[in-house]
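Everything on this sheet refers to the single structure shown next.
The values are calculated or read from the model by the stated rules, or taken from the named source; none is laboratory data. Note that the structure is a prediction, hence the values are computed from the model and not measured. No Cβ is skipped: glycine too gets one built from the backbone with ideal geometry, and neighbour counts run over all protein chains shown. Remember, those area values only see protein heavy atoms, side chains included, never the ligands or the DNA or RNA. Shrake-Rupley method; radii C 1.70, N 1.55, O 1.52, S 1.80 Å.
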Amino acid sequence: MRDLKELYKLEANLCRTFETVRRFISSVNTSTVRSELIGVRIERLDDAFKQFQLVRAEIELQTDQVTGVDDPDEELSLINARAEENYTIATEKEDDFCNMKGELLHLQLLARRSENSENHPATSTQNPIESSASLARVKLPEIRLPSFDGQINLWITFRDSFDSLINSNHQLTKMDKFTYLRSALTGEALQEVSSIELSAANYEVAWAALKNRYENRKLIVKTYVDALFNVAAMHKESYEGLSKLIGEFEKNLQMLEKIGESFEGWSTLLVYMVCARLDPSTLRHWETHHNSREVPKFQMLMRFLKDHCAILQTLAHQPTPEDSQVKRCCVATNAPEAYWQYRW
């Protein structure tokens, strides 16, 4: 068995390999680097992480139980502290590995796309629509993976985005998908899968664990309904305030509709909720516009508010009387100078 001094030296060398890969990720240009070179970096990172796990296991084996302390309570406290430290080091390095490999896989995919565009350039015989689509794909900005920290109101968006970008990508292996998944999770969500060993066979297990934890329809519906009741009221008439109020209601209702929750029968309640949050001036405009004893429909109210929001936006960009007066003064002051410049 190797001594601790040798093990710590090996661990330091492996950490330097991680830093080398990290510098490569931050400086690489996917339009010039070959995808094979990124593949070599991926293999190098995989090998370094496997060796790190072995070295770290030996270090833990030699340090967990050796304290040199006679007092049993103090010895137990020291053992627990070392175990916690070893766990933290191992977890942080695994997170680094997942994040870097996810970035490398994404960079490799971008490099392959760049190579394909070079090897199969658009020609005049191609369908113009296909050529335009290919050009658009090349010019599109780099797609970033969605992230999820365990907030239940973000689960649906994360799930659908991850399904679209990763799960439906048949070019990715299950190991690649698991690596992407680990790199996309943070906080509580990451803890949910942190105990699952990183392997191709465990990807479905990890994804199922997340769905089992967060695919809670009752809780999701409650979250969005709570958000509707918690929309802040407007205190004065403004484009920004009204636009935000409209956006909050539409966003949460769209998410409820997306998970199959019908709100067709909520019209009267929604009208009351929105009107209760309008400032006095906007509410007066609405009552003047509606001018009926019939109960208004929610969609009718929203159409009015959007039109009124457009008016407020236009008025927000109009110069005030004070601005116009200042402008006239400036024109009058500069008129003689402008006249002589024109004459000459």
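With point charges of +1 on the Cβ of Lys and Arg and -1 on the Cβ of Asp and Glu, referenced to the Cα centre of region 177-225, which listed residue (Val221, Gln191, Asn202) lies farthest in the positive direction of the dipole?
Farthest towards the positive end: Val221.
Cross-link partners among aspartates and glutamates for Lys244, C-alpha distance below 16 Å, same-chain residues fewer than 8 apart left out?
Here the aspartates and glutamates satisfying the reach criterion relative to Lys244 are Asp279, Asp307.
Report the full-extension gain for the segment Tyr87 to Tyr272: residue separation times 0.36 nm, less the Cα-Cα distance, to one decimal in nm. Mind showing how you got there, number by number?
Numbers: separation 185, 0.36 × 185 = 66.60 nm, distance 5.36 nm.
Answer, rounded to one decimal: 61.2 nm.
Give a residue-ordered list of calculated ³J(HN,Hα) values for region 147-161 (Karplus: 6.51 cos²θ - 1.76 cosθ + 1.60, θ = phi - 60°; whole Hz; x for Gly, Pro).
Here the 3J(HN,Hα) series is 10, 8, 10, x, 6, 4, 6, 9, 5, 4, 5, 5, 4, 5, 5 Hz.
Using modelled backbone amide H atoms (1.01 Å from N, in-plane), which distant-in-sequence or interchain residues come within less than 5 Å of Asp279's amide H?
Hits under the 5 Å cutoff: Met234.
What's the FRET efficiency of Asp163 with Leu78 using the Cβ-Cβ distance as r and R₀ = 45 Å, to the nearest 0.05? Mind showing how you got there, number by number?
Details: r = 47 Å, r/R0 = 1.04.
The computed FRET efficiency comes out at 0.45.
How big is the accessible area of Phe52 in square angstrom, nearest 10, if you roll a 1.4 angstrom probe over the protein chains?
Here the accessible area works out near 10 Å².
Which whole-Hz couplings ³J(HN,Hα) result when phi for each residue of region 214-227 is put into the Karplus expression 6.51 cos²θ - 1.76 cosθ + 1.60, θ = phi - 60°, listed in order with x for Gly and Pro?
Calculated HN-Hα couplings, in order: 10, 7, 10, 4, 4, 5, 5, 4, 4, 4, 6, 5, 4, 5 Hz.
What does the extension gain come out to for Ile259 and Thr63, with contour length at 0.36 nm per residue minus their alpha carbon separation? Show your work: numbers first, answer last.
Details: separation 196, 0.36 × 196 = 70.56 nm, distance 5.12 nm.
Length difference between fully extended and current span is 65.4 nm.
Please identify the trypsin sites (Lys or Arg not before Pro) of region 16-116 that satisfy two criteria: DSSP loop assignment and at most 14 other Cβ atoms within 10 Å. Which are they? All intermediate terms of the calculation are to be shown ahead of the outcome.
Details: sites: Arg16, Arg22, Arg23, Arg34, Arg41, Arg44, Lys50, Arg56, Arg82, Lys93, Lys101, Arg112, Arg113; in loops: Arg34.
When the trypsin sites (Lys or Arg not before Pro) of region 16-116 are filtered for loop state and at most 14 Cβ neighbours within 10 Å, Arg34 remain.
Explain nothing, just compute: Karplus ³J(HN,Hα) = 6.51 cos²θ - 1.76 cosθ + 1.60, θ = phi - 60°, for every residue of region 190-195 in order, whole Hz, x for Gly and Pro.
Result, rounded to whole Hz: 5, 4, 4, 10, 5, 7.
Label Asn212 and Thr20 with points 7 Å out from Cα along Cα→Cβ: what is the distance between them in nm?
Going by the 7 Å Cα→Cβ label model, 4.1 nm.
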